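The values are calculated or read from the model by the stated rules, or taken from the named source; none is laboratory data. Everything quoted here is computed from the prediction, not taken from an experiment. Positions of Cβ are backbone-derived with ideal geometry, glycine not excepted, and every protein chain shown enters the neighbour counts.
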Amino acid sequence: MNNLYNHSDVNNLLERLKHLTVDSKRQWGTMTVDQMLAHCNVSLETAMGLNFPKRKFIGRIFGKLIKLKFLDKKPMVKNSITEDFYITDKNNFEFEKERKRAIELISTFYQNGPEKCTTHPHSYFGKLTPYEWAVLKWKHYDHHLRQFGL
């Protein structure tokens, strides 16, 4: 399965990010391209242990069931639920800064390997293995790059 510990999967995302422009148009949703990048970046920072969103009550009840859906081989569905902590569509961000940050974060996550992945639970899914984080974050960037035609 595609993930952020696989060299070719990481290169695929990085190449797609290079083709993203400030003028890229969304195919669905409400975020602008700069907001999408900031959203993905703050989410990857969670997997890297750089921020710590609180567990959601609903996640404690349904998290394990929902987790299976998000970690399967299918692409994420359009307009999936978004944790409040990651909502960025009320702010404007600098496109080039966020794209550069995405490239740096993805590269660092890959280079750090599983040993440096967070042990903090996901706000909805609870405890994830490093591999599950790597799959989830690859799927997240893939989902939003597809949202912008890549």
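For residue 143, the conditions (1) in contact with a Pro (Cβ under 9 Å, 6 or more places away or on another chain); (2) of a type outside the set (Val, Ile, Thr); (3) surrounded by 15 or more Cβ atoms within 10 Å (Cβ to Cβ); (4) over 23 Å from residue 75 (Cα atoms) all hold with the exception of (4). In the set (1) buried (at least 19 other Cβ atoms within 10 Å of the Cβ); (2) at pLDDT 85 or above, residue 76 fails one condition alone, (1).
The criterion of being surrounded by 15 or more Cβ atoms within 10 Å (Cβ to Cβ), at pLDDT 85 or above and in contact with a Ser or Thr (Cβ under 7 Å, 6 or more places away or on another chain) holds for residue 55. Could you please let me know if residue 109 is among the aromatic types (Phe, Trp, Tyr), surrounded by 14 or more Cβ atoms within 10 Å (Cβ to Cβ) and under 16 Å from the mean Cα position of the chain (by Cα)? For residue 109, the condition - among the aromatic types (Phe, Trp, Tyr), surrounded by 14 or more Cβ atoms within 10 Å (Cβ to Cβ) and under 16 Å from the mean Cα position of the chain (by Cα) - is met.
Taken as a whole, the condition of being loosely packed, with under 13 Cβ neighbours inside 10 Å, more than 13 Å from residue 143 (Cα to Cα) and of a type in the set (A, V, I, L, M) does not apply to residue 10.
Within region 120-128, is there a residue that is assigned to a loop (DSSP other than H, G, I, E, B), among the aromatic types (Phe, Trp, Tyr), touching a Gly at 6+ places or on another chain (Cβ under 8 Å) and at pLDDT below 95? Yes, region 120-128 contains at least one residue that is assigned to a loop (DSSP other than H, G, I, E, B), among the aromatic types (Phe, Trp, Tyr), touching a Gly at 6+ places or on another chain (Cβ under 8 Å) and at pLDDT below 95.
Each row is one residue, and each column tells you yes or no for (1) crowded, with 19+ Cβ neighbours inside 10 Å; (2) out of contact with any strand residue (DSSP E or B) (no Cβ under 6 Å at 6 or more places or on another chain); (3) more than 14 Å from residue 42 (Cα to Cα).
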| position | (1), (2), (3) |
| --- | --- |
| 97 | no, yes, no |
| 119 | no, yes, yes |
| 123 | yes, yes, no |
| 134 | yes, yes, yes |
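Taking the criterion of being of a type outside the set (A, V, I, L, M) and either surrounded by 20 or more Cβ atoms within 10 Å (Cβ to Cβ) or more than 19 Å from residue 114 (Cβ to Cβ) (or both), the residues of region 33-50 that qualify are 34, 35, 39, 40, 41, 43, 46. Any residue at all in region 82-95 that's touching a Phe, Trp or Tyr at 6+ places or on another chain (Cβ under 7 Å), within 21 Å of residue 36 (Cα to Cα), loosely packed, with under 12 Cβ neighbours inside 10 Å and modelled with pLDDT under 90? Within region 82-95, not a single residue is touching a Phe, Trp or Tyr at 6+ places or on another chain (Cβ under 7 Å), within 21 Å of residue 36 (Cα to Cα), loosely packed, with under 12 Cβ neighbours inside 10 Å and modelled with pLDDT under 90.
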